[in-house]
Structure formats: structure tokens, C-alpha cells
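Asker: Got a structure for you, written out below as C-alpha cells; questions coming shortly.
The values are calculated or read from the model by the stated rules, or taken from the named source; none is laboratory data. Since the model is a prediction, treat every value here as computed from it, not as a measurement. In this analysis, Cβ positions are derived from the backbone assuming ideal geometry, glycine residues included, and neighbour counts consider all displayed protein chains. The area values use the complete protein model at the heavy-atom level, side chains included, leaving out ligands, DNA and RNA. Shrake-Rupley method; radii C 1.70, N 1.55, O 1.52, S 1.80 Å.
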Amino acid sequence: MLPINSQYGYTAAHYFLLWSLVPLITAKGDDVESPRKIHDADKRPSESELDLREVVFVIQSQRNSFHVQQAEKLRKDLLQQTQALQESPPVILLLHTLSDNEGDWSILPLLPYLSSQFGKNSSWIMFLEEDTRVKLQKLHEVLKKFDRRKEWFLGKPLHDEESTIIHHYAFSENPAAFKYPDFSAGWALSIPLVKRLASKIEDEPLKSDFTIDLKHEVALYIWEDGKGPRLTGVPELCTLPEHNPRAQYCATTVSSHSPLCGQPVRTENIFVAVKTCKKFHSDRVPVVKKTWSKQAALLEYYSDYADPSIPTINLGVPNTERGHCGKTFAILRRFLSSHVPNTDWLLVVDDDTLIRMVFSREAVVQLLASGCKCYSNDAPDDMVLGMCLNALRVPVTHSPLFHQARPEDYAREFLAHQTPISFHKHWNIDPIAVFNKWLKNSKHTEGLQKSTKEEL
């Protein structure tokens with residue numbers, strides 16, 4: 001997972017058809033404008049011809065070897081489609097290669113670079129996730145319908161059903177009023193908008209030092225309290241599986257296959273560490289035992305109090321109301337000790353997580369050998385770990401299937417095309433019911449997929 005951090009202690013560890021048919025296949029409540037209404041109003045005769053060379057594709061890639069491979073496959077597919085169309089190839093960039101700054105995965109810091117390099121001869125920056133599938137000719141037809149001399153922010157719109165902590169309770173009076181893009185469908189910025197945003201970033205450096213939900217925060221920054229454009233919904237940007245019959249109307253889809261980066265890891269090769277404390281022994285620990293812990297072959301509970309009835313192990317670190325860095329590093333040290341079985345993987349889980357963060361043994365070895373440590377027991381463990389691993393150049397890999405909040409905190413359409421791995425927090429929900437609905441039969445919980453052992 002990427003080092004996505006928050007003051008709340010969460011860790012993340014990322015339609016189509018003709019307008020007459022849209023209501024048949026979009027989720028109830030989607031506020032998508034008519035393509036005809038949008039396109040015809042803003043189309044100009046001189047703007048109808050758009051060369052594919054004017055579109056810069058940015059694949060939101062990661063340094064992890066498997067994800068590099070996935071991004072390269074997407075780039076190769078785009079180039080093959082360009083050749084089949086007998087077009088000159090567009091610029092295709094892999095995000096992780098553009099900068100050594102790990103923070104640039106958050107997109108906004110890269111806009112000045114994209115503006116300076118491509119602002120003169122390009123019309124669009126199109127962002128794609130590695131699992132996004134693109135029908136290049138259809139996407140070309142879609143982009144031609146928008147006046148590229150104007151500021152445009154295009155994507156598949158998501159909205160909150162209720163105000164949520166991961167969005168800092170934004171738009172609490174009417175959560176559905178604000179739309180933000182589903183990155184899986186791809187999203188685009190016109191060059192005039194990129195240029196203005198780049199100038200703003202250069203004049204007013206970005207202030208936030210953490211990101212909770214990137215897609216929402218990017219949309220907020222672009223909207224700029226009403227001074228900038230809102231997201232324009234594009235029905236042809238879809239998150240349907242690529243082989244779905246209805247996907248014939250889409251310019252983008254998502255891969256219909258879960259990515260496998262190796263053979264499943266045996267549960268006997270995963271050591272699970274559950275962080276808890278005395279005050280939660282009676283309500284949170286029973287939930288763990290009734291749900292996902294049944295799938296763990298090797299598991300220990302770590303607390304500030306040794307309770308033989310569970311049993312819990314007192315690591316000698318006092319409980320803190322936030323941060324928990326001291327307890328997490330104590331777990332890492334114990335993982336490398338003779339007190340626990342020697343396994344290749346460590347899964348660290350909060351007692352209110354429906355299964356979280358995963359370390360390879362080699363990542364733990366390098367982390368502790370570096371001398372990196374907590375500056376206090378209540379320091380934010382996620383942030384400290386992120387900084388330590390970044391300094392070591394150990395790839396920290398993001399998966400959008402790990403969630404730092406409850407299902408209710410995410411847009412329904414966003415979860416609809418996922419097979420989640422985890423959720424966090426038991427507040428105002430029945431955690432056992434959530435587990436049974438979202439995770440119980442998930443093939444993702446049957447075993448981690450192998451990555452190279454030096455990666456997190």
C-alpha cells in the first residue's frame with residue numbers, strides 16, 4: 001500500500017450508450033448529463049479534428065515489478081491500437097518514471113511538469129489506471145466532442161451517499177452534490193486547465209502532507225470552492241468489465257480478470273499480528289474470532305494487558321489513544337525473533353479491521369536494520385513506516401482493494417467493480433454482517449498473491 005496517512009490514524013494502506021439508453025445501464029441516482037447536450041454546445045467546427053498525438057496518456061503506474069509489467073502491457077496495447085488505426089503514436093508516460101519523488105503519485109505535484117513539457121503541442125492529458133482498458137478510436141471520438149480551448153475535467157462521476165470521515169465530511173448537507181472521478185474509468189484534463197492548475201501550484205505550493213482519498217481530493221482542488229470547473233460526466237468512460245456486452249458503447253472499461261502476480265501464498269506462510277488493548281478485549285476481539293481469523297493459520301493478539309482467556313501478549317508498550325507506532329515496531333521486532341514461526345509474510349491488523357497492512361520478511365529485515373524508529377510511542381505508525389521505507393527505497397505498493405473505512409464510506413459505484421480485501425472501523429455498523437456480505441467468500445482472502453520478497 002502507498003503511505004496514505006491521515007490525522008485520524010487510517011492507513012490505505014486507489015456510462016456510455018446513446019443518451020436514450022443511459023438510464024437502462026447506469027446506477028440509480030447517477031447524475032450524468034446528456035452527451036448531446038454537452039457535446040453539441042461546446043463543439044466548434046475548427047475543433048472537430050483532434051490528432052491522437054495531441055493526447056498525452058499518463059498510466060498511474062507503481063515501482064513494484066508486477067505493476068510495472070501491468071503498465072507496460074497497457075502501453076503496448078495503446079501503441080498497437082494506434083498502429084492499427086494508422087495514426088501517429090501518442091505520448092504514453094508511466095507515472096513512476098517521471099520523478100524520484102514518491103509523493104508524485106498524488107498527481108497534482110506533477111502538473112507543472114506536464115504543463116511545461118506538453119502544454120504547447122498537446123490538447124489533453126488522459127490518466128489511466130493499469131487495469132483500465134481503452135478503445136482508442138472511441139476515446140478519440142469522445143474527446144473530439146469537447147472544445148479543447150476550454151477548461152475541462154472529464155470522468156465517470158462518483159458521489160457520496162452520506163457525508164464521510166474520509167472526505168472530512170465535505171458537503172455534509174448534500175453529499176451527492178459533489179462529483180469526483182472513478183479513476184478506474186480513466187479521467188482527462190484539457191491543457192488549458194492543466195496550465196492554470198500548474199501556475200497555481202507554482203505560485204501556491206501544495207499544503208497537504210497526506211492523502212486519504214486521492215480522487216476526491218484532486219476533484220476538490222480543481223473545483224477550488226467553485227472557482228474552477230466541476231467534473232463533467234462522460235457516459236463513455238465506464239467501469240464495466242471489458243467483455244460485458246454493454247461495453248460495446250464504452251471508450252474505457254476495466255479488466256475482467258483479477259491480477260495474479262504469482263501462486264497464492266499458503267496461510268502457513270503468513271503470520272498475523274492483531275493490535276488490540278484491554279478496553280477492547282470484550283467487544284472487538286470476539287468479532288475478529290467470529291470472522292476472518294478462522295482463515296489464519298498463525299495468529300497472535302498483542303495488547304497492553306496479558307489476558308490468557310484470549311490469549312493476548314503484552315509487548316511492554318503502553319496503550320496510546322492514537323498513533324500506535326511503538327506497538328507496531330514492537331510487533332516488527334517480535335516477527336524477526338524466535339518467539340514466532342519463521343514465515344515470509346507479516347499481516348498487521350487492527351482489532352477493528354476486517355482484515356490490513358502486509359509486509360514481506362525482507363522488508364521488515366531492512367526496516368529494522370536501518371535503525372529507523374518511532375520518535376514516540378504515539379507517533380502515527382503508518383506515516384513513520386512510509387517515511388522509513390521511502391528512505392530505504394523499498395517499494396510501497398498501493399492496492400485499491402484495501403479500505404481504511406467502512407463500506408458505507410465509499411461510493412456504491414466504486415465498490416461495485418471491486419472484490420475488496422479489507423474494511424476498517426466498526427462504528428455504527430454490524431461488522432459481522434459486513435464481513436459476511438463483502439469478504440467471507442472473497443477469493444482475495446484465501447491467500448496473498450506472491451510478489452518479490454523485498455517489496456511491501
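Asker: Quick check on segment 304-341: of everything there that is out of contact with any helix residue (DSSP H, G or I) (no Cβ under 6 Å at 6 or more places or on another chain) and of a type in the set (Ser, Thr, Tyr), which residue is surrounded by the most Cβ atoms within 10 Å (Cβ to Cβ)?
Answerer: This residue is THR312.
Asker: Going by the structure shown, is PHE210 within 23 Å of VAL254 (Cα to Cα) and in contact with a Pro (Cβ under 9 Å, 6 or more places away or on another chain)? Working first, answer last.
Answerer: Working: within 23 Å of VAL254 (Cα to Cα): no; in contact with a Pro (Cβ under 9 Å, 6 or more places away or on another chain): yes.
Spelling it out, it is not the case that PHE210 is within 23 Å of VAL254 (Cα to Cα) and in contact with a Pro (Cβ under 9 Å, 6 or more places away or on another chain).
Asker: Assigned to a loop (DSSP other than H, G, I, E, B) and at pLDDT 95 or above: is that true of SER116 in this structure? Lay out the reasoning, then the answer.
Answerer: Working: assigned to a loop (DSSP other than H, G, I, E, B): no; at pLDDT 95 or above: yes.
No: the conditions fail for SER116.
Asker: Same structure again: Can you give me the number of residues within segment 342-359 that are of a type in the set (S, T, N, Q) and either surrounded by fewer than 21 Cβ atoms within 10 Å (Cβ to Cβ) or within 18 Å of VAL384 (Cβ to Cβ) (or both)?
Answerer: Initial filter on segment 342-359 (of a type in the set (S, T, N, Q)): 342-343, 353.
Then drop every residue that is not either surrounded by fewer than 21 Cβ atoms within 10 Å (Cβ to Cβ) or within 18 Å of VAL384 (Cβ to Cβ) (or both), which leaves 342-343.
The qualifying residues number 2.
Asker: Which of the helices (runs of 4 or more DSSP H) found entirely inside segment 191-301 contain at least 2 residues meeting this: of a type in the set (Gly, Ala, Ser)?
Answerer: On the way: elements: 191-203, 214-223, 284-290.
Filter on segment 191-301 gives 191-203.
Asker: Which number in (1) crowded, with 19+ Cβ neighbours inside 10 Å; (2) modelled with pLDDT under 95; (3) within 26 Å of ARG230 (Cα to Cα) marks the one condition that ALA27 misses?
Answerer: (1)
Asker: Just the residues that are within 25 Å of ASP104 (Cβ to Cβ), open to solvent by 40 Å² or more (accessible area, probe 1.4 Å) and not charged (D, E, K, R), please, taken from segment 124-172.
Answerer: If the condition is that a residue be within 25 Å of ASP104 (Cβ to Cβ), open to solvent by 40 Å² or more (accessible area, probe 1.4 Å) and not charged (D, E, K, R), then HIS168 is the only one that fits.
Asker: Check segment 265-284 and report whether any residue there is open to solvent by 60 Å² or more (accessible area, probe 1.4 Å), under 30 Å from PHE146 (Cα atoms) and of a type in the set (D, E, K, R).
Answerer: So the first thing to find is which residues in segment 265-284 are open to solvent by 60 Å² or more (accessible area, probe 1.4 Å), and the list is 266, 268, 278-279, 282-283.
If we keep only those that are under 30 Å from PHE146 (Cα atoms) as well, we get none.
Taking every residue of segment 265-284 in turn, none turns out to be open to solvent by 60 Å² or more (accessible area, probe 1.4 Å), under 30 Å from PHE146 (Cα atoms) and of a type in the set (D, E, K, R).
Asker: Regarding LEU354, is this residue farther than 21 Å from PHE210 by Cβ, modelled with pLDDT under 95 and under 26 Å from the mean Cα position of the chain (by Cα)? Walk me through it before giving the result.
Answerer: On the way: farther than 21 Å from PHE210 by Cβ: yes; modelled with pLDDT under 95: yes; under 26 Å from the mean Cα position of the chain (by Cα): yes.
Answer is yes for this residue.
Asker: Restricting attention to segment 33-79, and to residues there that are surrounded by fewer than 13 Cβ atoms within 10 Å (Cβ to Cβ) and among the hydroxyl-bearing types (Ser, Thr, Tyr), which single residue is modelled with the lowest pLDDT?
Answerer: SER46
Asker: Can you tell me which residue among SER88, SER99, SER116 is within 27 Å of VAL254 (Cβ to Cβ) and of a type in the set (Ser, Thr, Tyr)?
Answerer: Numbers: SER88 fails: within 27 Å of VAL254 (Cβ to Cβ); SER116 fails: within 27 Å of VAL254 (Cβ to Cβ).
Matching residue, one of SER88, SER99, SER116: SER99.
Asker: So, one more: Answer yes or no: is there a residue in segment 173-192 that is modelled with pLDDT under 95, surrounded by fewer than 22 Cβ atoms within 10 Å (Cβ to Cβ) and under 22 Å from the mean Cα position of the chain (by Cα).
Answerer: The answer is yes; a qualifying residue exists.
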